[in-house]
Amino acid sequence: MKSSVIFLLLSVWFYPLLSQASSAAAELDKKVQSFLDQRKGTWLRGSIPESDGKLLFDIIKKNKYTRAVEIGTSTGYSSIWIAWALSKTGGKLITIEIDKGRQQTAVANFKEAGLSGYIDARLADAHELVYQLDGPFDFVFMDADISTDYVEATANKIVKGGVFITHGVRNETGDYANYLKCLQGFETDFNTGGGFCISIKKPK
Ligand SMILES: C[S@@+](CC[C@H](N)C(=O)[O-])C[C@H]1O[C@@H](n2cnc3c(N)ncnc32)[C@H](O)[C@@H]1O
């Protein structure tokens, strides 16, 4: 009897909070979706395709990743998919872009999409900045110049079960791919069904 009264009181107290949170999430979904619909076909060449954006979104949501880094923001298309997923896991994205004009456009896009609160957008040369970032991370997405620097700088800061995802590895037998294949503590999948390869930090 006593416990059912407590349960009833807790439900009365929690229900408005839960329903407020879920209506805020639904509002955000609507805002992001309508932003993406409006901008369809207008993103700069080099932005990931929509199917890859959805894949990144699913990977983050499914694995409940929260600590994300992106190298190569451009005007923010991939960041928007990443940050949208992080809005559901309670996470945050640090995204790095070297080009001032692109970075400014990205910041404006994040605001318009309603996702600014989930993104820390940095204007910097990622070759330098990645070494200075404090981990840990569970999701790193690299979509700039193919360079082992980025892997080297983050691999030790990625938690077990976390990922380093590289976009645009065209040659599975090239130097970069071979580097990933030999990367200690990681296992790399080149056939992910998207335009990228995924290096996952092994649990042991
Ligand atoms: C292919 S685009 C990124 C596309 C973006 N991820 C998207 O899907 O919308 C690559 C971006 O990386 C940026 N970039 C290249 N080298 C960089 C560096 N060293 N540091 C930071 N950004 C860099 C370029 O300026 C360019 O905007």
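The values are calculated or read from the model by the stated rules, or taken from the named source; none is laboratory data. Keep in mind that this is a model prediction, so the values were computed, not measured. Don't worry about glycine lacking a Cβ; one is built from the backbone with ideal geometry, like all the others, and counts go over all protein chains shown.
Would you mind stating whether Val69 is within 14 Å of the ligand (Cβ to nearest atom) and not in a loop (DSSP other than H, G, I, E, B)? When the stated conditions are applied, Val69 passes them. Taking Ser74 as the residue in question, decide whether it is at pLDDT 95 or above, assigned to a helix (DSSP H, G or I) and more than 20 Å from Ile200 (Cβ to Cβ). So Ser74 fails the test.
Summed over the range 86-121, the residues that are surrounded by 15 or more Cβ atoms within 10 Å (Cβ to Cβ), within 13 Å of the ligand (Cβ to nearest atom) and not β-branched (Val, Ile, Thr) give a count of 9. Residue count for the range 189-204 satisfying the condition of being in contact (Cβ under 8 Å) with a residue 12 or more places away in the chain and touching a strand residue (DSSP E or B) at 6+ places or on another chain (Cβ under 7 Å): 11. When the criteria are applied in full, Lys2 fails the requirement of being of a type outside the set (A, V, I, L, M) and touching a helix residue (DSSP H, G or I) at 6+ places or on another chain (Cβ under 6 Å). Please determine whether any residue of the range 12-22 is within 20 Å of Pro136 (Cα to Cα) and in a helix (DSSP H, G or I). Within the range 12-22 (the criterion being within 20 Å of Pro136 (Cα to Cα) and in a helix (DSSP H, G or I)), the answer is no, since none of the residues qualifies.
Of all residues in the range 41-63, those satisfying the criterion of being buried (at least 16 other Cβ atoms within 10 Å of the Cβ) and part of a loop (DSSP other than H, G, I, E, B) are Trp43, Ser47, Ile48.
Of the residues in the range 27-40, not one is surrounded by 10 or more Cβ atoms within 10 Å (Cβ to Cβ) and assigned to a loop (DSSP other than H, G, I, E, B). Scanning the range 25-52 for residues that are within 16 Å of the ligand (Cβ to nearest atom), touching a residue at least 40 places away in the same chain (Cβ under 8 Å) and under 19 Å from Lys88 (Cβ atoms) yields a total of 4. Which residue is modelled with the lowest pLDDT, if the candidates are limited to the range 124-183 and must be exposed (fewer than 13 other Cβ atoms within 10 Å of the Cβ) and within 14 Å of the ligand (Cβ to nearest atom)? This residue is Arg170.
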